[in-house]
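S.K.: Dumping the structure here so I can ask a few things about it.
The values are calculated or read from the model by the stated rules, or taken from the named source; none is laboratory data. Fair warning: this is a prediction, and the values are worked out from it, not measured in the lab. So basically every Cβ, Gly included, is an ideal-geometry build from the backbone, and we count neighbours across all protein chains shown.
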Amino acid sequence: MIANRKDDHVRFAAEQQRHLDGHNQFDDVSFVHHALAGIDRSDVSLTTRFGGIEWPVPLCINAMTGGSVKTGLINRDLAIAARETGVPIATGSMSAYFADASVADTFSVMRRENPDGFIMANVNATASVERARRAIDLLRADALQIHLNTIQETVMPEGDRSFSSWGPRIEEIVAGVDVPVIVKEVGFGLSRETLSRLRDMGVRVADVAGRGGTNFARIENDRRDRADYSFLNGWGQSTPACLLDARGVGIPVLASGGVRHPLDVVRGLALGASAAGVSGLFLKTVLDGGVPALISLISGWLDQLEALMTALGARTPADLTRCDVLVHGGLREFCADRGID
Ligand code: FNR
């Protein structure tokens, strides 16, 4: 059952990438061009530090999969690409492993292929501390992601309908594991109010994972006989909206959800994110072109990231927050509605 679901998610998510219309709310963010702002490329460093974590680059392959034969092979390929490019990587939800230990290898393959890389385990917010520790141990994980996905569960035919225990569970996990905990959405975004609660629970980092890319309302509707919940297909806040909303909350944030190219990464960093994450696009790339295509895409992005930072005068990813950024359109309206300057 879980294995079928994991295969469905991969199939529908890759298909969705082929039909994205190319626009999302990152397009409402632009930089004021300063023609003399540039610095020397040799002065630029991509290293980023947040919540006690250090990454060599401000980009990761975000949570996706594992739990079936097919998805184990995908995890192997993603892990090889992560190893070859030096980007951190997350596994998909490890619930399938808790339900059936025989699929352990579809997750642990990531550590085998990428022995020295930064790897994040991933569990849902109902996981016990014991399960969270098992997930971390299996991967020798450097951090633990906990995903929040109420809307996905709601649309999912076999989804959960009890969410009240999630907050207390997250607090238990934070207190009970010895790696940093990163709480993330799955494409509907994290509000300022949610981020404040996470900060108060001791969560080190939050990945806003907003609307604009992979859409799990659509995916779960596609998995139903009838798309009963299609009215939820536009739910949630976009990634740039979440980043603007997060200002001043006091928890480091990551930008994921709808990141399409290096300019979106730079936009996310300028809006205050410590790093960006990509799932659907990297999945489609590895499925269509194999490991070489993904290595080439990620290496190209890292090269272009450095080039953009050089032109913008940012020595570090954090320096990008000092750039002059303009906010237009629907994103500007969101800021007005939420009282954001
Ligand atoms: C996901 N995502 C996800 N997230 C998570 O925390 N646990 C999971 O198991 C999964 N599973 C999953 C499967 C597939 C096939 C995709 C494409 C994505 C969500 C992912 O981490 C991310 O938050 C969203 O996909 C939004 O980012 P993109 O795809 O727009 O870059």
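S.K.: Considering only the stretch 1-61, give the strands (runs of 3 or more DSSP E) lying wholly within it that have at least 1 residues that are in contact with a Leu (Cβ under 7 Å, 6 or more places away or on another chain), within 16 Å of the ligand (Cβ to nearest atom) and under 24 Å from ALA143 (Cα atoms).
M.R.: In the stretch 1-61, the matching strands (runs of 3 or more DSSP E) lie at 59-61.
S.K.: Mind listing just one residue for me: the one in the stretch 214-255 that is within 14 Å of the ligand (Cβ to nearest atom) and among the aromatic types (Phe, Trp, Tyr) and, of those, nearest to the chain's Cα centre (by Cα)?
M.R.: Looking at the filtered set, the residue picked out is PHE216.
S.K.: Can we say THR321 is among the polar types (S, T, N, Q), within 13 Å of the ligand (Cβ to nearest atom) and in a helix (DSSP H, G or I)?
M.R.: No; evaluated as a whole, the condition is false for this residue.
S.K.: If you don't mind, there's one more thing I want to ask. Tell me which residues, restricted to the stretch 195-237, are surrounded by fewer than 24 Cβ atoms within 10 Å (Cβ to Cβ) and aromatic (Phe, Trp, Tyr).
M.R.: Scanning the stretch 195-237 gives TYR229, PHE231, TRP235.
S.K.: Residues that are away from the ligand (no atom under 16 Å from the Cβ) and over 24 Å from ASN24 (Cβ atoms): list the helices (runs of 4 or more DSSP H) wholly contained in the stretch 86-202 that include at least 1 such residues.
M.R.: Fully inside the stretch 86-202 and qualifying: 104-113, 129-139, 166-176, 192-200.
S.K.: Please enumerate the residues belonging to the stretch 221-255 that are hydroxyl-bearing (Ser, Thr, Tyr), in a helix (DSSP H, G or I) and over 14 Å from LEU269 (Cβ atoms).
M.R.: If the condition is that a residue be hydroxyl-bearing (Ser, Thr, Tyr), in a helix (DSSP H, G or I) and over 14 Å from LEU269 (Cβ atoms), then SER230 is the only one that fits.
S.K.: Consider only pairs whose beta carbons are under 9 Å apart and that are at least six residues apart or on different chains; among these, list those whose first residue lies in the stretch 33-46 and is among the β-branched types (Val, Ile, Thr) and whose second residue is part of a loop (DSSP other than H, G, I, E, B).
M.R.: Once the first residue is among the β-branched types (Val, Ile, Thr) and sits in the stretch 33-46, its partners that are part of a loop (DSSP other than H, G, I, E, B) give ILE39/GLY313; ILE39/ALA314; ILE39/ARG315; VAL44/ALA314; VAL44/ARG315; VAL44/THR316.
S.K.: So if I check each of SER299, SER256, SER274, which one is modelled with pLDDT of 95 or more and in contact with a Gly (Cβ under 6 Å, 6 or more places away or on another chain)?
M.R.: Only one candidate passes the filter, namely SER256.
The rows are residues; the columns are (1) surrounded by fewer than 17 Cβ atoms within 10 Å (Cβ to Cβ); (2) under 16 Å from GLY277 (Cα atoms).
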{"site": "PHE12", "(1), (2)": "no, no"}
{"site": "PHE31", "(1), (2)": "no, no"}
{"site": "ALA35", "(1), (2)": "yes, no"}
{"site": "THR48", "(1), (2)": "no, yes"}
{"site": "PRO58", "(1), (2)": "no, yes"}
{"site": "VAL69", "(1), (2)": "yes, no"}
{"site": "PRO88", "(1), (2)": "no, yes"}
{"site": "SER95", "(1), (2)": "no, no"}
{"site": "ASN114", "(1), (2)": "no, no"}
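S.K.: Does the stretch 118-135 contain any residue that is of a type in the set (Val, Ile, Thr) and out of contact with any Lys or Arg (no Cβ under 7 Å at 6 or more places or on another chain)?
M.R.: There is at least one residue in the stretch 118-135 that is of a type in the set (Val, Ile, Thr) and out of contact with any Lys or Arg (no Cβ under 7 Å at 6 or more places or on another chain).
S.K.: Right, another one. Could you tell me whether any residue of the stretch 67-81 is within 13 Å of the ligand (Cβ to nearest atom) and not in a helix (DSSP H, G or I)?
M.R.: Yes: one or more hits.
S.K.: Here's a follow-up. Confirm whether VAL266 is in a helix (DSSP H, G or I), of a type in the set (Val, Ile, Thr), at pLDDT 95 or above and away from the ligand (no atom under 15 Å from the Cβ).
M.R.: yes
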